[in-house]
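Please read the structure below before turning to the comments.
The values are calculated or read from the model by the stated rules, or taken from the named source; none is laboratory data. Being a predicted model, the structure only gives us computed values, none of them experimental. Note that each Cβ is placed from the backbone with ideal geometry, even for glycine, and that neighbours are counted across all protein chains shown. Heads up: the accessible areas ignore ligands, DNA and RNA and are worked out on the full protein's heavy atoms, side chains in. Shrake-Rupley method; radii C 1.70, N 1.55, O 1.52, S 1.80 Å.
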Amino acid sequence: MIALLILAVSMPMLFASSQEEAVGEVKNPDTFVYVSYGTVDSLDPAKAYDNASGGCIQNMNETLIAFKGESTTEFVPVLAEEVPTVENGGILDGGKTYRFKIRKGVKFHSGNPLTPEDVKYSFLRAMVVDPPGGPTWLISFPLLGTYSSREGSEIVADFAAMDAAIEVDGDYVQFNLRAPFAPFLSTLAGYWCTIIDKKFVAANGGWDGTEATWKDHNGPEEGKETLYEIVSGTGPFKLGRWEKGVELVMERNENYWGTKPSVSKAIYKVVDEWATRKLMLLQGDADAATVDPLYYSEMNQESGLTIYKELRSLGLRGINFNQAIESTDNPYIGSGKLDGKGVPGDFFTDVNVRTAFMHVWDQETYISDILDHAGATVATPLVPGLPFYNEKLKAPEYDLDKAAEFFKKAFDGQLWANGFEFDILYNTGNEVRESSCKMIAENLLAVNPKFKVNVRAIDWAVILDLQRQKRLPMYYMGWGADYPDPDNFMQPYMHSQGLFAQYGGYNNPEADALVEAGAIETDNAKRKEIYYRLQDLWLEDAVGICMHQPIGNRYFKDWVKGYVWHPMENQYVYSQFSKE
């Protein structure tokens, strides 16, 4: 999923450090407050694909299974009564069939009872609505072998095939995969697979579950998805209030089927300014806060905190080049021409431009000065901790002279002579991204004073919309694992229908074929060959700049108990926490 915060690669060494002073009087003991930057994009699990949104969704909705503690390979049942295995008859046909017995006695927030039909509907609806830029491919690929219900604007999905992929058999729901897919259980543990209330959705104008109406609900407009701002899940919290751009308040579900949260409210509060977030955490007005790496050393000296350090995330941060910029009425590309006052929509189609930008990137300064070493250098999207990582690969080095050489070759010399200008955006409050973008802008000016990049702050949800609209010429974006497999990194970045490749206009038929083959290949030797070639191809095509794999800290008030780190954690699971 798109990463906004320091996410959770390999299992890290986890330790907490806190000051030895006694815990002071607990403020607001019945409320957990988390302050961060980044606005929620959507509460619809079929649409949300960023961790600000997903972090809220996962506290109000539930999946069939979940990861067990810190493990990335073991699971526990949630809305299913048990985790399917070959031994208990839940996994059949060599890994092509998965059966789940659905828990009884569970109710949605609306009061409607959970049924196996709701489970089937949840997955079928995700494939039916398939919002642009959403996570539906995580469901449709293992079941159907497709990444989208559409080709361009044309609906091409086969409803009968979608319907047949998920069957209800009494108390059981059965998934019929088109081929064995090893990460399937990991995929089901993500918030995009949360179970939703069929009657509630239909009552609020959403898809009614019939073949006759499904096309009417495919590809909804931004903010028009049925569950954009309403929720009826089975989770431990219910939606209380969402003031967009300000805060989202969740209230304890007093009718929750499982163990009720110890706090009655959980609040995700948007606070862009670091000084305010810091003060709120130190004074106890917040129980947890997002702290950028620039401030780790500073915060590690403060008292009254519990700090979880050196948490290596299964994730990536990078700069994405857009080779198919939407140029119609686009304020972020200036004149839209190669006249020194803008860039054309095909600016990044020239491999010389992309390669030059990679040489402009100063990795050493980024890691040491901007991140304060809270990240590991990587060359491609396949990061350490994943199978088939090629540790011998190196990204192009920082070299402004080499950058100049490639810029002079671009567009038959016109680029060097005329110069260019465009905007690069970062999400408001994210100082790491702000500093990174400014470093690029300064280095470009050092190469040629005619090269101008305007660095601008903008709301996180707006950035996501602009990314989906292909209006950003280049942008800093993060990725956190949906499931711990190379496919989940190479598909988004290198398949033409992958999230970043799609919205960056990258389309290489060789990459597409390799990604599709690697996802279902069961021979590890063949998989290694596939993913080694994909890593080479990333560098040959100069697709983008891989900046770092996060190694971050988490900061809590010392009265907060119950935090469990997970390498693919989205945000916080508020029902874990107590304040004592």
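Things to note:
- When the helices of the chain are scored as -39500 (n - 2.57) per DSSP H run of n ≥ 4 and the total is divided over every residue, the value at 222 nm lands at -8000 deg cm²/dmol.
- In sequence order, the stretch 315-326 has phi-based couplings of x, 8, 10, x, 9, 9, 8, 9, 8, 9, 5, 5 Hz under the Karplus curve 6.51 cos²θ - 1.76 cosθ + 1.60, θ = phi - 60°, and Gly or Pro positions carry x.
- Excluding same-chain neighbours fewer than eight residues apart, the aspartates and glutamates reachable from K27 by a Cα-Cα span under 14 Å are D285, D287, D558, E580.
- In this structure, the pairs whose alpha-carbon distance is over 23 Å, taken from K392/K526; K104/K224; K224/K244; K199/K260; K394/K450, are K104/K224; K199/K260; K394/K450.
- ³J(HN,Hα) computed for each position of the stretch 545-552 - Karplus, 6.51 cos²θ - 1.76 cosθ + 1.60, integer Hz, glycine/proline x: 9, 8, 8, 6, 9, x, 10, x
- Accessible surface for D412 stands near 150 Å², nearest 10, in the context of the full protein assembly shown (1.4 Å probe).
- Of (1) 277; (2) 152; (3) 141, the label for volume of the Cα convex hull per residue in Å³ derived from the coordinates: (3)
- Solvent-accessible ranking of T349, T72, T234, largest area first, probe 1.4 Å: T349, T72, T234
- The stretch 553-566 - phi-based ³J(HN,Hα) in whole Hz, Karplus 6.51/-1.76/1.60, Gly and Pro as x: 10, 10, 10, 10, 5, 6, 8, 7, 10, x, 6, 10, 6, 9
- Under a 5 Å amide H cut-off, with hydrogens placed 1.01 Å from N, F75 pairs with K68 among residues at least 5 apart or on other chains.
- Surface analysis of the chain yields an accessible area of 37 Å² per residue, using protein heavy atoms and a 1.4 Å probe.
- DSSP bridge orientation in the chain - percent antiparallel, rounded to nearest 5: 75
- Filtered trypsin sites (Lys or Arg not before Pro), the stretch 368-423: DSSP coil and at most 12 other beta carbons within 10 Å: K392, K394
- Selection among A202, W416, M477 by position relative to the dipole of the chain gives A202 as farthest towards the positive end (Cβ unit charges, Cα centre).
- Here the chain exposes an accessible surface that is 46 percent carbon and sulfur, computed with a 1.4 Å probe and the other protein chains kept in place.
- For S496, residues with placed amide H under 5 Å, excluding near neighbours: N508, D512
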